[in-house]
1. Could you grab the relative contact order for segment 127-369? Cα pairs under 8 Å, six or more apart, rounded to a whole percent.
2. Could you bin all the Cα-Cα distances of segment 127-369 into 10 Å bins starting at 0 and give me the percent of pairs in each, rounded to whole numbers?
3. By counting other Cβ atoms within 10 Å of each Cβ, how are 522, 413, 137 ranked from fewest to most?
4. Can you sort 134, 112 by how many other beta carbons sit within 10 Å, fewest first?
5. Can you sort 452, 281, 314 by how many other beta carbons sit within 10 Å, fewest first?
6. Give the dimensionless ratio obtained when the Cα radius of gyration of segment 117-156 is divided by 2.2 N^0.38 Å.
7. Considering the Cα trace of segment 379-538, what is its radius of gyration and what is Dmax, both in angstroms?
8. For segment 94-180, what D do you get in µm² per second when you plug the Kirkwood radius from alpha-carbon pairs into Stokes-Einstein at 4 °C and 1.567 mPa s?
């Protein structure tokens, strides 16, 4: 029997309403949480601040072992060594240097390779551009022309030649920008000559319709320079070349034109005179080159160029949409019909060149070497602030510290003659537009052959003067524009050689100080404190003469 006794509950308690039960309150439980381990670098910092020295635990020592026997080294095992080499697809992307791409098989070159090759050679392009050439062997041109290229001493194509020549061989219109002394002449001469070598040789009948190609240059000196380069490339070929510039007897030139020439190199003024006297027509001119186009604008020759352009046969002028122009270029390449190919070259890019671009070119390709408007990185530029009375003394100091050949630029003809007379002990002579053409050519020959060490010249020598070994260019008189400054200093540092350009500044040259300072900075040249802190530089008043 159980001793359990029921509890007595009264009637009142039984009928008493029950209170709702409250849910039990859970008491928070305390858990022991170990702190999150710090990262090694923060732990070391904490130990350093607290002055503690951390010792590895026994568990850490047992878990990791950092020493092994020599027999356990698998780096020499061929099985594992083959797996350490990167995959072939990755290996192809490793060799991106210019030397590797220059020797890479042509059929293996990808679009990415060509892009890297252009970047390595500072070639910037716009338009439908064919791949550049890396060496002369890759050119599909006449054998005799290749031999002439080798005899002319062109060991390796310059960057402008790498890209401009393939564009020319496709008969495309082109705007080419490259610093002075970088081989622009050969860049347009080689594809032009290849085109003419495929045409029939001119005879007494066909020569009456004029030349196949025309090159226009702003100055006589530049035209003479182009003629000399062309003469090297047309040796032992059927192509005849004539030079038409002022200063020569026009009757003699007319007789030469009557005998016929496939290529004519001329200044615009004298060419227009020959056309006006009916010594020359352009009925079969299929190739036009305008060299130093920015100088044409400065000399206000754009109207003369337009007049010459109007004498070209209308049937050969490209026009219409881009698709029609491409079809016309293809017809010219195939020889079914010939359309005009126009190339415009310059060392600087000016907004005014756009007028020539829109007038003469149809959907052109654009090729620039480096940044347009920047000079050669091989030229060391230095600036001296002097008084007008101290200019000659500064000039003598510069001449004592340099080797010939030297070109000294002045702004006026009379100043050139006076300064050349003052420097007679340095074997100096003057060159300017007031001298007869035959004497100017003789002076240039003497300078090139070392008979003259110092050439005191006006801006007639700032373009087209290509003399090997010009170590120093001195701006005795500062030019009036930064464009003229760039072309003057471009007479040195040509074809990969280094050079020095010195400029003497006076109070009269304040207008060019700001663009000169900008040009020096753009070419990573040192800017003197006197120039950087000049009031005209700090507050140029928008007098930028680019």
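Read-outs: derived from the displayed coordinates by stated rules, not from any lab. Predicted, not measured: the structure shown is a model, and the values here were computed from it. As a convention, Cβ positions derive from the backbone with ideal geometry for all residues, glycine included, and neighbour counts pool all protein chains shown.
1. Working: 412 pairs, mean separation 66.7, N = 243.
Relative CO of segment 127-369 lands at 27 percent.
2. Pair shares across the bins are 7, 34, 40, 18, 1.
3. On the way: 522 12, 413 17, 137 8.
Taking fewest neighbouring Cβ atoms as first place, the list is 137, 522, 413.
4. On the way: 134 20, 112 11.
With the fewest neighbours first, 134, 112 line up as 112, 134.
5. On the way: 452 22, 281 16, 314 7.
Lowest count first: 314, 281, 452.
6. Relative to the rule-of-thumb radius for its length, segment 117-156 sits at 1.41.
7. Expressed in Å, the Cα Rg and Dmax of segment 379-538 come to 15.1, 47.
8. Working: Rh = 13.9 Å.
Taking Rh from Cα pairs, D becomes 93 µm²/s.
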